[in-house]
Amino acid sequence: MSVNQRLVAIEARRARLLERAARERADVVQILQLWEQPLGIVDSCVEAARYVLARPPLAAGIALVLALLRPRSALKWARRAFGLWQGYRWLKQKAVV
């Protein structure tokens, strides 16, 4: 195989790879567009949670209102939160070791 033929083969392979990369980029864009709205909602929820947690009196007030209006529901959520907190501590302890 001559040098010229090898260069032509390399150029053809490069063209095929560029076409493949363009197709894959288009696929990734399409997938990301499907996830744009759900991830936007998650971002909004995370931002709201950070806002409330950065203001402890606000969080305490919300908890107090919930406890006064719906005591059983408040207890149920308190149990869930405590369980999540214990699970977090357990995972953190296992990750350090």
Residue list for the range 12-55, filter: open to solvent by 90 Å² or more (accessible area, probe 1.4 Å) and outside any helix (DSSP H, G or I): 55
Quickly run through the range 21-61 and pick out the residues that are of a type in the set (S, T, N, Q) and under 26 Å from residue 77 (Cβ atoms). 44
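The values are calculated or read from the model by the stated rules, or taken from the named source; none is laboratory data. For clarity, every value in this text was computed on a predicted model and none was experimentally measured. No Cβ is skipped: glycine too gets one built from the backbone with ideal geometry, and neighbour counts run over all protein chains shown. With ligands, DNA and RNA removed, areas are computed over all heavy atoms of the protein, side chains included. Shrake-Rupley method; radii C 1.70, N 1.55, O 1.52, S 1.80 Å.
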